[in-house]
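Asker: Before I ask anything, here is the structure I am working with.
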Amino acid sequence: MQNNPTRTTFRHYSFNLILSTLPLKIKNFCWVPAVKTATGRFLAFGCAIVLFLVLLAKPMEGRAQISTNDDLSSIHVEELTDDQIRQLVAELNRQGISDDQFEQNALQRGMNQTEVVKLKERIKEVRKAMVSGTAVAAPQKPAGAQDSITAQEQKPVSDFGTIFSTIRAQNFGYGIFNNPRLTFEPNLRLPTPKNYTLAADDELVVDVSGYSEANYHLKVSPEGTIRIPVAGAINVNGLTIEQAKKIITQRLASTIYSDIRTGKTTVEVILGSIRTIKVTIIGEATLPGTYSLPSLATAYNALYACGGPGTNGSYRNIQVIRNNTPIATIDVYQYLVNGNKANDIHLMDQDVIKINTYSVRIELKGEVKKPGLYDVQPGETMGTILGYAGGFTDNAYTARIRVFKNTSRDRELTTIDEADLDHSIPGRGDTYIVGKILNRFANRITINGAVYRPGEFELKNNMTLKQLIAEADGLREDAFTGRATLHRLKADLSPEIVSFDVDKLMNGEIADIPLRREDRVNIYSKFDLKEGYFVDIEGEVLNPGPSLYEQGMTVQDLILQSGGLKEGASLRRIEISRRIKNADTRSAEVKTAIIYQQDIRADLRDSSGGASFVLEPFDQVFIYPEPGYAVQQNAVIQGETIYPGKYTIPKYT
């Protein structure tokens, strides 16, 4: 049997026509070059259709899958803060992405070539600043060592979405609809709402109790009726639970349960199971379409199902349309900021939710608690928008806020202060950047050294140096009063030192010195200006070494501070070496030290002439061992002897 050329051509045309409507991945799947026959191509086409239907149905399971916005055409590098650039560099380093790869992907995502060049320059500046930090070297692996996973598996997967998210702002409210940890599903275990409207596929449970007992599970038919045995059909379509209960009770009382009139039998009507409704979401939704939701679902449940507003969708102007008439307008900001869900109405079958495009959208950057993109309603001021953002951070510089505005031709930069925010109306595409306060003080002065309360103080009006010393509770007894220094900055920020006589200043003999911001006063201690006074002891004491000199110290005092004498210490001929301070260098025999000798008692009591010998700074004391004193020396005998062990050597040989 011959193939009809016309039919074959039509099949190829139909296949290509339908194939052109499929996603690229599906086309690649079914367009196999090796399959050249019509039958083979249609088999591949059938597999592709099945795969396409599976992929099409998959987003409807649970909630919609959200795709992020990768458009970088609106990025302006001069508006990026230093923190954003540092986060970008850290992410590039973590994922091991080169500058060339980053540049290529930025251009592919719509970033202007000029902005890419600017961004690379700022990245270089940040990296230079980061080089000064201490980097911890990675541990070196021994030669020939092999990991249990391959090098490709160890390398982090490049995720440009996370990289560009550091420089691309997100809409305020974006996270409420794109947080995978949130379900936003309606609670189906609540008591039946009083205003719940019955419709087809709802199930009612009618419970009769008292003199008569009965229980009915009744499903509402597509015509809106329920059928009770003997009592007949009852129309409940469009009624609330309370209204349906009243009609059902009247019907049962007039038919088979007459005791209802006397109160001996009671009737309860509750909702057994709920129906599914169809809600259509149109406009600037992340994934618009028709969604099947429980009949208890509200507008927020539907917004979560579709992923919320898309890139151009408004968070302030979302309409719920019923029977071609808007019945509610939702402002997500009121819910996020105030918890107000007044317009989160219950949905009905065939309701339409329309997400309108935003009217005015601005961006907040820098030192605000919730930076990002904000939709602005007509008449709202920057003060209101700042309230949505949680206000300024503790380090915000509010005296001058930079504002980048869009004009009909180009962009312009202006500044406003905090007082003007309540009167400033944001414009389309405005960017507000709040910087950090400077790390300096407007009224700080410092005094250090030999005062009772050193530290930082407030610079008061017309404050002088003498007043600052009084604020620090005055001079300590060890203060060196001959000279002190005042360090300050001149008008051009070059350093300057001012010296003064402390005694003359405190006695009023010289003029007091007015203080300036960031002045630093140093009052020196006498002990800071001289070499530390120590004495040293060596030889037969328990803890030999240097000790702090104290006036009036004797050899016996120094021995006590050193832990006392050893058992073999000699009490005779203790030698003290004293430094010569003013030696005659012109003499033929220049002495370098004076040697003294002293005997002491075992109980360290003063002996004749002992108490009068007082040590001086830098003295060195030597305690020699007693002549003839020796420590036992032992030898060890082991092996095949009658008495192996340790034996003392009685004398030197």
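The values are calculated or read from the model by the stated rules, or taken from the named source; none is laboratory data. Keep in mind it's a predicted model, so treat the numbers as computed, not measured. Ideal geometry is used to build each Cβ from the backbone, glycine not excepted, and the neighbour counts take in all protein chains shown. Remember, those area values only see protein heavy atoms, side chains included, never the ligands or the DNA or RNA. Shrake-Rupley method; radii C 1.70, N 1.55, O 1.52, S 1.80 Å.
Asker: For region 183-330, report the accessible area per residue in Å² (1.4 Å probe, heavy atoms, rounded to an integer).
Answerer: 49
Asker: Solvent-accessible area of GLU550, probe 1.4 Å, all protein chains present, reported in Å² to the nearest ten, please.
Answerer: So the heavy atoms of GLU550 present about 100 Å² to solvent.
Asker: Give me the 1.4 Å probe accessible area per residue for region 513-642, excluding ligands and nucleic acids, in Å². Intermediate values should be presented prior to the final figure.
Answerer: Values: 8800 Å² over 130 residues.
Result: 68 Å² of accessible area for each residue.
Asker: Taking a probe of 1.4 angstrom, what is the accessible area of LYS490 in Å², to the nearest 10?
Answerer: Looks like 90 Å² after rounding.
Asker: Shifting gears a bit: Whenever you get a sec, compute what percent of the accessible area on region 475-603 sits on carbon and sulfur atoms (1.4 Å probe).
Answerer: 48
Asker: Might you work out the accessible area of GLU531 for me, using a 1.4 Å probe with all protein chains in place, and round it to the nearest 10 Å²?
Answerer: 120
Asker: A further question on this structure: Among GLY429, ALA442, TYR452, whose Cα sits farthest toward the positive end of the charge dipole of region 417-464 (+1 at Cβ of Lys/Arg, -1 at Cβ of Asp/Glu, about the Cα centre)?
Answerer: Most positive-ward Cα: TYR452.
Asker: In a shell of Cβ-Cβ distance under 14 Å around ASN317, excluding ASN317 itself, what net charge do Lys and Arg (+1) and Asp and Glu (-1) give?
Answerer: -1
Asker: Let me ask something additional. Using a 1.4 Å probe and counting only protein heavy atoms, arrange TYR596, TYR643, TYR388 so the residue with the most accessible area comes first.
Answerer: Of TYR596, TYR643, TYR388, the descending order of accessible area is TYR643, TYR596, TYR388.
Asker: Extent of region 467-611 along each principal axis, from alpha carbon coordinates, in Å, largest to smallest?
Answerer: Sorted largest first, the three principal extents are 70, 43, 29 Å.
Asker: Show VAL521, VAL636 ordered by accessible area, largest first, where the area counts protein heavy atoms only and the probe is 1.4 Å. Intermediate results must be reported in sequence, preceding the final value.
Answerer: On the way: VAL521 0, VAL636 95 Å².
Ranking VAL521, VAL636 by accessible area, largest first, yields VAL636, VAL521.
Asker: Order ASP536, ASP351, ASP503 by their accessible area, 1.4 angstrom probe, all chains in place, largest first.
Answerer: Numbers: ASP536 40, ASP351 0, ASP503 75 Å².
Ranked from most to least accessible, the order is ASP503, ASP536, ASP351.
Asker: Rg(Cα) of region 409-538 divided by 2.2 N^0.38 Å?
Answerer: 1.69
Asker: Looking at region 396-461, which chymotrypsin sites (Phe, Trp or Tyr not before Pro) are DSSP coil and have at most 14 other C-beta atoms within 10 Å of their C-beta? Write out the running numbers ahead of the final one.
Answerer: Working: sites: TYR397, PHE404, TYR432, PHE441, TYR452, PHE457; in loops: TYR397, PHE441, TYR452.
For chymotrypsin sites (Phe, Trp or Tyr not before Pro) across region 396-461 that sit outside H, G, I, E and B with at most 14 neighbouring Cβ atoms in 10 Å, the list reads PHE441, TYR452.
Asker: Which percent of the accessible heavy-atom area of region 341-459 goes to carbon and sulfur, probe 1.4 angstrom?
Answerer: Heavy-atom surface of region 341-459 belonging to carbon and sulfur, 1.4 Å probe: 46 percent.
Asker: For each pair in LYS460/LYS530; LYS278/LYS341; LYS124/LYS370; LYS124/LYS365, compute the distance between the two Cα atoms and list the pairs where it is over 24 Å.
Answerer: The answer is LYS460/LYS530; LYS124/LYS370.
Asker: Follow-up question, since we're still on this one. Per residue, how big is the convex hull of region 343-426 when only Cα atoms are used? Give it in Å³.
Answerer: Looking at region 343-426, the number lands at 131 Å³ per residue.
Asker: Over the Cα atoms of region 279-428, what Rg and Dmax result, in angstrom?
Answerer: In order Rg, Dmax, the Cα atoms of region 279-428 give 17.8, 54 Å.
Asker: Can you tally the net charge around VAL434? Count Lys and Arg as +1, Asp and Glu as -1, for every other residue whose Cβ sits under 10 Å from the Cβ of VAL434.
Answerer: +2
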